[in-house]
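The values are calculated or read from the model by the stated rules, or taken from the named source; none is laboratory data. Note that the structure is predicted; figures quoted are calculated from it, not measured. Every residue, glycine as well, gets a Cβ built from its backbone with ideal geometry; the counts of neighbours run over all protein chains shown. What goes into the accessible areas is simple: the full protein's heavy atoms, side chains included, and nothing from ligands, DNA or RNA. Shrake-Rupley method; radii C 1.70, N 1.55, O 1.52, S 1.80 Å.
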Amino acid sequence: MSTERFFRRSISELVPYEPGKPIEEVQRELGLERVVKLASNEGSFGPFPAALVALERNARELNRYPDGGAYALRARLADLHGVKFEEVAVSAGADGVIDCLSQAVLDDGDEIVCGWPSFPSYVIDAVKLGARPVRVELRNDKYDLDALLAAITPRTKLVYLCVPNNPTGTTNSRAELDKYWDQVPAHVLTVLDQAYFEYIDDPAYPDGIEEYFKSGRRVIVLRTFSKIYGLAGLRVGYGIASSDVVTEIGKVRRAFDVTSAAQVAALASIGDEQEIARRRALCARERDGVIGALARAGFDVAGPAVGNFVYADVGEDCRPLFDALLREGVIVRPLHGFGAPSAIRVTVGTPEENSIFAEALAKVATTVTK
C-alpha cells in the first residue's frame, strides 16, 4: 500500500513545528564551548526555590504514576483565580491545551481564525484534523481584530487571540479587546492566549480570566508555567473555561500527560508574587538592551514589546544572520515556521547572555545583511 493512501491526507503537506536548536547540539556541531540560547522564549532563570524543594522530594516517588486528574494543582489554580474546579483544564504546557481543544472541537472542514505571523500550533493542530486555518495579516505587528472579525464565517469554531503575540511581542489593549467581545459571533469560542501574562505590568493590559471569562464571555484563557516560572522543561500549562469545554478537553487528553514532577513544581511555584515581580522587572530592563542592539544593527524592531522576547525584521531571508550568530555561539529564532521568513525573534536572557548577544550581533550584522 502506498504511503499516500495509508496516512491521513490532511497531514500530507504539513510542516511540523520546528523547535529552537538545543545548546548541546550547537556545541557538538560547531565545536563551541560557550553557547547562549535566546531562541525559545524560556524564562532566563530556573525554577523557584520552593519548586526545587518539591522536585527533590518528589524524586523519591518517581516509580509511581502521576495523579491523572492533577487534582491538587487544579484545586489550587481554581482557588488562585476564583473559579470552579471544573473550570480548570491542565495539560502539558499551554500548547497541550491547544492540542486537546483542537481535537475536542474541530472536524474536517471546520475553520479556525488567527493572526499571522503567530504561534504555529494554532495552524498545525487545525490542519492535522482536516480543519482549515484562516490566517489574518497583522496590522502594525499586532492582531488586527477588525480583520479577524471579518474573517469569521458560519464554519468558524475557534478564534485565537495571542496577546502578547508570539513572535512579534506586541499586544492589543483592553479597549481593542473589549470592542472585539462586543462584536464576535456567539457560535465562536475565543482562545485568549496569555502565556506571557506575568511579564506585563500595564494597566491597559487586561486579565482575561477576571475581565472576560468571569463576565460570561465564550472564552478559554491560556496560561503556562513554562515562562516566568522557569518550568519549560517540565511542560505544564492550563486553561480556564466553562465546565463543558473542560470536560470535552478531558476526553481527549492523554492519560498521565502532566508528570508528577510538573504538578508538584507548578503547585509549589504558585503564590510567590515577590519573585514574579523581581523577574518581571529584570526582564523589562534587559529587554530595552536587546531592542537597542537590534536597532543599532539597522533592523526594524516591532514594538512596543511587552513579553520576554523581541521581534526584528532584517529585511531579507534571516537564515544567513541566524547562521552567522550561531557560529558566534548565539542561538536566536529564525521565523520561517511562524510565517515571517525575514525576521528573527530574540529571547531576553540574563544580563550576561544579552551582552554576549549584542556583541555577536554587532560583529556579524553588517557583513551578513548588507
- Within region 131-147, can one find any residue that is under 19 Å from Glu248 (Cα atoms) and either in a loop (DSSP other than H, G, I, E, B) or under 18 Å from the mean Cα position of the chain (by Cα) (or both)? yes
- Task: Go through Val264, Val306 for me and flag whichever is open to solvent by 20 Å² or more (accessible area, probe 1.4 Å), within 18 Å of the chain's Cα centre (by Cα) and under 30 Å from Val83 (Cβ atoms).
- Result: Val306
- Selection from region 282-328 of residues that are assigned to a strand (DSSP E or B), within 14 Å of Leu38 (Cα to Cα) and either at pLDDT below 95 or not β-branched (Val, Ile, Thr) (or both): Phe309, Tyr311, Ala312
- Name the strands (runs of 3 or more DSSP E) wholly within region 152-252 that hold at least 2 residues that are within 18 Å of the chain's Cα centre (by Cα), among the hydrophobic types (A, V, I, L, M, F, W, C) and buried (at least 16 other Cβ atoms within 10 Å of the Cβ)? 156-162, 189-193, 219-224
- Message: Looking only at residues that are in a loop (DSSP other than H, G, I, E, B) and farther than 28 Å from Lys227 by Cβ in region 1-32, which one is most open to solvent (accessible area, probe 1.4 Å)?
- Response: Met1
- Scan region 222-234 and give yes if some residue there is under 30 Å from Ala70 (Cα atoms), at pLDDT 95 or above and out of contact with any Phe, Trp or Tyr (no Cβ under 9 Å at 6 or more places or on another chain), otherwise no. yes
- Item | Among (1) in contact with an Asp or Glu (Cβ under 9 Å, 6 or more places away or on another chain); (2) under 15 Å from Leu222 (Cβ atoms) - the single one Cys114 does not satisfy | (1)
- Message: Going residue by residue through region 112-135, is there one that turns out to be acidic (Asp, Glu), loosely packed, with under 15 Cβ neighbours inside 10 Å and either touching a Phe, Trp or Tyr at 6+ places or on another chain (Cβ under 7 Å) or at pLDDT 95 or above (or both)?
- Response: no
- Task: State which residue is surrounded by the fewest Cβ atoms within 10 Å (Cβ to Cβ) when the search covers only region 71-111 and only residues that are part of a helix (DSSP H, G or I) and hydroxyl-bearing (Ser, Thr, Tyr).
- Result: Tyr71
- Item | Leu267 vs. criteria part of a helix (DSSP H, G or I), touching a residue at least 24 places away in the same chain (Cβ under 8 Å) and in contact with a helix residue (DSSP H, G or I) (Cβ under 9 Å, 6 or more places away or on another chain) | yes
